[in-house]
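Engineer: To start, I am sharing the structure in question, which I have written as structure tokens.
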Amino acid sequence: MADIHKDQRIYLEDPRPTVSETKPGRGRKKTCRVSQVPPVRVDKWVELQSSTAWKRVRLRESTKGFLDVEMLHRRVWVWDGKEEHAHQWHLLVRREINAPGEIKYSLSNAHKDISVERLAHMQGQRYWVERSFQDGKSHIGLDHYQARSWRSWHHHMALVMMAMLFILEERLRNKQEYPLLSCSDIEALLARFLPRRDADLDEVVRQLEERHRRRQSSIDSAYIKQGVAQLAASG
């Protein structure tokens, strides 16, 4: 399942791409394939569909009630202009019931006999991916890093993934007793009950000086490398 833009070209029947014959004495032999039927933009095709062509599908429960959407489905052909054959895929169009102007287009290479309900469920899984990123940034520090190398970035992301796994396991473990337990709830509980080492003034100053020492060392190193590069360029 992959989302597409509204200007994606599709074929309503097999385009049967073929190489046109070259007439004798009319130049080099043709090698480019051309379709035998014209393509159509997905948004233009949707505009031609009647209101009865849309099917209402219930995706899931949400905090604001059941999430119902209207779906439009058709088997279409997709061709990149180079391959010998076109591919027949599922075209899935989704619009919100309360906001019919918000339309989402997708293509899927799922089995031809799959149901519209299953396709709609597959298309809706992007919500959970985006929600995990939102939770990671809001509560776990997914975007709180200043990395100058891939190794440091990988270390930060590995720790974030471990923290996200811990929170997920806690939510699943307490699902029956606390079905509304959220990442924010667990973050608040950890901040309250985890043991903390209260640092005295001398320790705070020592940590500050150490940070400043490392920062100054990094600055000096950058200037040295820049000077060496300038000398190498002028020599």
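Engineer: Residues in the range 76-88: is at least one at pLDDT 95 or above and either under 20 Å from R58 (Cβ atoms) or surrounded by fewer than 13 Cβ atoms within 10 Å (Cβ to Cβ) (or both)?
Structural biologist: no
Engineer: Please work out which one of (1) loosely packed, with under 13 Cβ neighbours inside 10 Å; (2) not in a strand (DSSP E or B) is the condition I114 fails and give its number.
Structural biologist: Going through (1) loosely packed, with under 13 Cβ neighbours inside 10 Å; (2) not in a strand (DSSP E or B) one by one, I114 breaks only (1).
Engineer: Can you report the number of residues in the range 47-75 which are surrounded by 15 or more Cβ atoms within 10 Å (Cβ to Cβ) and among the β-branched types (V, I, T)?
Structural biologist: Total satisfying the criteria: 2.
Engineer: I need the full set of residues from the range 89-110 which are open to solvent by 40 Å² or more (accessible area, probe 1.4 Å), modelled with pLDDT of 95 or more and touching a helix residue (DSSP H, G or I) at 6+ places or on another chain (Cβ under 8 Å), in order please.
Structural biologist: none
The values are calculated or read from the model by the stated rules, or taken from the named source; none is laboratory data. Source: prediction; values computed, not measured. As a convention, Cβ positions derive from the backbone with ideal geometry for all residues, glycine included, and neighbour counts pool all protein chains shown. Just so you know, the surface numbers come from the protein's heavy atoms only, side chains and all, with ligands and any DNA or RNA stripped out. Shrake-Rupley method; radii C 1.70, N 1.55, O 1.52, S 1.80 Å.
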